[in-house]
1. Between Val50 and Met240, what is the spin-label point distance in nm, taking each point 7 Å from the Cα along the Cα→C-beta axis?
2. Please find the FRET efficiency linking Glu202 to Arg90, where r is the Cβ-Cβ separation and R0 is fixed at 41 Å, and quote it to the nearest 0.05.
3. At a Cα cut-off below 25 Å, give the lysines reachable from Lys205, other chains included and same-chain residues fewer than 8 away excluded.
4. For Ile137, Ile4, Ile289, give the ranking by accessible area with the largest first, probe 1.4 Å.
5. Could you pull out the GluC sites (Glu not before Pro) across the stretch 9-116 that fall in loop regions by DSSP (anything but H, G, I, E, B) with no more than 14 other Cβ atoms inside 10 Å?
6. I'd like the accessible area for Asp284, computed on protein heavy atoms only with a 1.4 Å probe and all protein chains in place. Round to 10 Å², please.
7. Can you sort Lys55, Lys302 by solvent-accessible area, 1.4 Å probe, largest first?
8. Along its principal axes, what span do the Cα atoms of the stretch 164-320 show, with the longest given first and each in whole Å?
Amino acid sequence: MARILVVGGVGYIGSHVVSLLMEAGHEVTVFDNLSTGLQANLFSENRLIVGDICKEIDIFSAMEGQDAVMHFAAKKAVAESMENPAKYARNNLIGTLNLLNAMDHHGVKYIVFSSSAAVYGMPDVSVVDENTPVNPINFYGFTKAEIEKCLQWYDRLCDIKFVALRYFNAVGYDMNRRSRGHEANPQNLLPIIIEVAEGKREKLKIFGDDYPTPDGTCIRDYVHVCDLAQAHLLALDKLMNGMDSQILNLGTEKGTSVKEMVTAVEEVLGKKLNVEIAPRREGDPACLIASAEKARKILGWKPQITDLHQIVKSALPEDL
Ligand code: UFG
């Protein structure tokens, strides 16, 4: 049992990790500014500290007495990061530095950090391992890449051990979770398709069908949020048992095209969806699939929910 500060613990991925940490018997404190996190993701057993990593006083006082940190608090909308870099610099970069300084001040030695496949940008290869050059093409990805470098320096200089988990495309919800607040204003493919099915959006625009892929639409590696959450617990356990700092990809090593995802939703719901082919979106690589061999070897991690229909079912709201 450890005392764990989960920063961003009422957000999409953070709240799934909190569930698992509690099940495993850890003492969880959630730290969140409630800017995008949902009240529905609050568990009454947790201590909630409403605070902001951008305010040193908030994060320094929350850090006292903790054994480890899980850090999910970040802005994550790629397009917005290009229009409003200051917001991403403040929340992601400065916020994380405040958090690391608070850890150092209070002698907290372990952190699991949410990184992203966005650090790779437009890689030359379609199957990406951790040695693929880091070359972000948007400011969001840049913040994640820079934080990884800071983590390496704080390891060297302050002996803070970290695992940075580079998520590929996170999807789905835990169907057994007591509460499962859905993200408001979703920006990603599967929740957008589901909003089309619900009638909340008129149609799905497929961004390009002339990519060099079998059906012409972009291929991504969709990894279930419960599998992502599991990797965090494995990472924490290994860290607290002496493992060295690591950077690890988290993906299923399986590619799904945009059209395949649409078809999967149509099959699960038994109805056709309104879809239109639109121009390519700037900065979209044709194919992005993880090699997760390193996570498999180092953490013993293996994603369990890889069936597309199962993924889609887990992502549907209860009333659909
Ligand atoms: N897509 C559409 N129409 C839409 C939305 C998306 O065709 O309305 C397509 C995109 O072009 C892309 C695929 O669906 O080919 C997935 O797009 P998302 O926006 O859901 O996800 P991205 O792959 O662009 O990026 C996601 C996260 C990033 C993260 C990255 C890591 O949003 O934060 O995965 O792989 F960095």
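The values are calculated or read from the model by the stated rules, or taken from the named source; none is laboratory data. Since we're looking at a predicted model, the values are computed, not measured. Please note: Cβ atoms are built from the backbone with ideal geometry, for glycine as well, and neighbour counts cover all protein chains shown. For accessibility, only protein heavy atoms count, side chains too; no ligands or nucleic acids. Shrake-Rupley method; radii C 1.70, N 1.55, O 1.52, S 1.80 Å.
1. Distance between the two pseudo-spin positions: 2.9 nm.
2. Using R0 = 41 Å, I get an efficiency of 0.75.
3. Counting by Cα, and skipping residues close in sequence, Lys205 has these lysines nearby: Lys75, Lys76, Lys254, Lys259, Lys271, Lys272, Lys313.
4. Ranking Ile137, Ile4, Ile289 by accessible area, largest first, yields Ile137, Ile289, Ile4.
5. Glu45, Glu64
6. About 20 Å², rounded to the nearest 10.
7. Solvent-accessible surface, decreasing: Lys302, Lys55.
8. Computed over the stretch 164-320, the largest-to-smallest principal extents equal 52, 40, 24 Å.
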